1. Residue check, A427 against (1) closer than 27 Å to Q579 by Cβ; (2) among the small types (G, A, S); (3) open to solvent by 30 Å² or more (accessible area, probe 1.4 Å), all met but one. Which one?
2. Return yes when A508 is open to solvent by less than 20 Å² (accessible area, probe 1.4 Å), in contact with a strand residue (DSSP E or B) (Cβ under 9 Å, 6 or more places away or on another chain) and either of a type in the set (K, R) or outside any helix (DSSP H, G or I) (or both) and no when it is not.
3. Restricting to segment 204-247, and then to whatever is within 21 Å of L150 (Cα to Cα) and among the acidic types (D, E), can you tell me which residue is nearest to the chain's Cα centre (by Cα)?
4. Evaluate the following for E186: is it in a helix (DSSP H, G or I), more than 38 Å from the chain's Cα centre (by Cα) and either among the aromatic types (F, W, Y) or under 30 Å from A228 (Cα atoms) (or both)?
5. Just to verify a result, which residue in segment 123-175, among those that are within 30 Å of R223 (Cβ to Cβ) and basic (K, R), is surrounded by the fewest Cβ atoms within 10 Å (Cβ to Cβ)?
6. Given the criterion more than 30 Å from A132 (Cβ to Cβ) and part of a helix (DSSP H, G or I), identify the matching residue among E153, E236, E243.
7. Here is a list of conditions, (1) at pLDDT 65 or above; (2) assigned to a loop (DSSP other than H, G, I, E, B); (3) among the hydrophobic types (A, V, I, L, M, F, W, C), and A345 meets all of them except one; can you say which number that is?
8. Considering only segment 81-94, I want to know if a residue exists there that is part of a helix (DSSP H, G or I), over 30 Å from D286 (Cα atoms) and open to solvent by 70 Å² or more (accessible area, probe 1.4 Å).
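The values are calculated or read from the model by the stated rules, or taken from the named source; none is laboratory data. All figures in this text were calculated on a predicted structure; none of them were measured in a lab. For neighbour counting, all protein chains shown are included, and Cβ atoms are generated from backbone atoms with ideal geometry for every residue, glycine included. Remember, those area values only see protein heavy atoms, side chains included, never the ligands or the DNA or RNA. Shrake-Rupley method; radii C 1.70, N 1.55, O 1.52, S 1.80 Å.
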Amino acid sequence: MTQDKRVPMSFFKKLKNKLFKSSSKLDEGLDAIVADGGVEEELDAATDTPDIDTAAQDAEEARQAEAARLAAEAQAAEAQAAEAQAAEEARLALEAKQAEEAHAAEAARLAEETRLADEARAAEEARLAEEAERAAQEAKAAAEAEQARLAAEAEALEARRAQEAEDARLAQEAEAQRLADAAQREEQARQAAADAEHRAKEAQNAEQARLAAEAKAAEDAARQAREAEEARIAEEQSARDAERARAAAEAERLAEEARQAAERDAARQAEEAAAKERAEQEAAEDAARAEAEAARLAEEARLAEQQAAEEAEALKEAKANVAAALDAPDAAALLQSPDTPEEPAKKPGLFGRLMGRKGVKTVIRRELDDDMLEALEELLIASDMGVETALRVTANMAEGRFGKKLSTQEIKGLLAREIAAIMEPVAKPMPLYPKRPQVVLVVGVNGSGKTTTIGKLALQFSQAGKKVVIAAGDTFRAAAVEQLQVWGDRAGVPVLTAPEGSDPASLAYDAMTKAEADGADLLMIDTAGRLQNRADLMEELAKIVRVIRKKDETAPHNTLLVLDATTGQNALNQVNVFQNISDVSGLVMTKLDGTAKGGVLVALADKFGLPIHAIGVGEQIDDLAPFDPEEFAQALTGATTE
C-alpha cells in the first residue's frame, strides 16, 4: 500500500490459484462458445524431435518438482488451517469468557438499576402522597379562611346597610323638619302675598320630587353595590374551584410520569436483552464461518494430495506407454537415420503427444459474428461485470476482428487486454500526505472485512516505517473491539478503545487528539458495519465525519470503502450510497478467494473510476497486496502470458 508497488510473486500465484471459482466457469463458457459452430484446424508441428531419454528425464524432474510443490502447499495449507483453528478457538474462548463476564456485569447492573428504580418509585410515591396531603391541608385551610373572610364581609355589608338606612332616616327626619319650618315660613308668607304662596308651594313640590329621586338613586346605588359584591364572591369561589382542579390535574400528571418512567425502564431492559441476543448470534455466526473456512482448507489440502497422486499415476502410465512404444515398430521408424526415405506422415501416438514429437496438432476456432458476441456478452454479465461494461468490453474486442476466426486462448488474451485497459487508470496505491496525523476512515457494510483489512494495512504501513494508531470505532458489534485488538497485536500497532455502546464520533475525536499528541503518522478509524439502506446508521456515519472535521477541517484525508466481492452487483449500490455520505476516496476489494465472480470490480472501475488500492485473497495477515490490473485480468479470464 506504500508507493513501492513491488509485491512477492507468491501473492499473485495465490491469486491465480484461488481467485474466483468463476474463472473455471469462464473457461468452460468460452470453450462452449467457441465449440458451438467452431471448426478444428491444424497447427504447425514442432520442428525438433527431442531425445527420448532426455524428454523422459525432464518429465520425471517436472513430476518430482510438481509433487514437491503440491506437498509443500498441502503442508502450508495444513499449517494455516491449524493456525487459523487455534486462533479461532482462542478467540472464541476469549469471546465466551468476555460474554460471560459481560453477562454477569449486565445482570448486576440490571439488578442495581431495578433496585434504584424501585427506590425511586417508592420515593416518588411518598413524595406524591405528601404533596397530595399537603395540597388537601392547604385547600382546607384556604376554604376555612375564605369562609371567615366571607362571614366578615357579610357582617361588614350588613353594618354598612344599617348605617345607610340610619343615614336615610336621619335625612328624612331632617328633611321633614326642614319642610315643617318651610311650611311655617310659607304660611306666614302666604298671608303676605297669594302669588308668593303659590310659588312656595311649587317649590315645595319640586323639592319633594328631588328628594324622592335622591332617595331612589341611593337605593339603586346600594342595590348595585350589593350585586357587585355578590358577583365578586362568586368569582372568588370559581377561582378556588379552578385551583382545586389544577391541584388534582397536577397529581394525575405526576402519577402518569411515574408510569411512563416505569414503561421506559421496561423498554430499555427489553432492548438490552435483544442486543445481547444479537451479540450471541453474531458470535455463533463467526464460529460457523471459522469452521467452514477450516473445512475448506482441509478440502483444498485433500484435493491437492489427490491431484498429486493422479499426476503420479498418469506419469507412471506414460512411462509404461513410452517403454511399450520403444519396443514397437513405430519407434524404430522414428529413430531411423536421416538418409532413410521418408514414409507418409502418421497420426502421432500417445508417446508422440507426451514427448512433443513431430505430429499434427489441432485447435478449434470460430468466426467472430453477432451470435458469438451475444454469447460473450451473456457470459461476462453472468460474471457480475454488468450490462454496460460487458457491452463495452465485447465491442472493443470485436473492433477490427469481426468476421475473423478466433480460438479460446486468443479470446482470453483479448478479453484480458480489454479488462486491463479499463482497470489500469484506477490501479493506484493509497496516497500518503505530509499531514500528521493522516486520518484514514474505513467504512463498509457488515461482514465486508473492514477489521481484517485495517490490521493488514496497519502492518504494511508499520513495516514501511510509519507510526500507526488504530481507533476501534465499532462500539456496537459485540467483540468487535477485541477482534481489532488481536489484529493490532499481530501488526504491533496500538489500538484506542471505548466502552461498548459509547458514541463512536466522540472516540474518533479523542483518537485524533491522542494521535496528534503521540506524533503518529497515520490514524486508522474503524467504523461499525451498516447496511446502505439504513438511513439512521448512515446518518451516524455522517456524524463521525462532521465531528472529525471539527478537529481538522481537511479530515478524513482518506476514506476507504471495503467491499465484499461475493456481493456481486450490490457493490455498485454500496459505492453510490457511501460516496454520498462519506466522500469515498478509494476502494479495497476482499474475499476474492471465495465464491466471488470478480467481474464486479471491472464494473466499479468502469462506472465510478475510484482508485482501487488493494485486493485480498485470504484471512492471513499477508493476504493483501496492491492492485495489479494485468495480473487481475489474467486471473479473471484464465489467460496465460506468452
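1. Single failed check for A427: (3).
2. Spelling it out, it is not the case that A508 is open to solvent by less than 20 Å² (accessible area, probe 1.4 Å), in contact with a strand residue (DSSP E or B) (Cβ under 9 Å, 6 or more places away or on another chain) and either of a type in the set (K, R) or outside any helix (DSSP H, G or I) (or both).
3. Filtering segment 204-247 for residues that are within 21 Å of L150 (Cα to Cα) and among the acidic types (D, E), the one nearest to the chain's Cα centre (by Cα) comes out as E243.
4. Answer is no for this residue.
5. Ranking the qualifying residues of segment 123-175, first place goes to R169.
6. E153
7. Here A345 clears every test but (1).
8. No, that holds for no residue.
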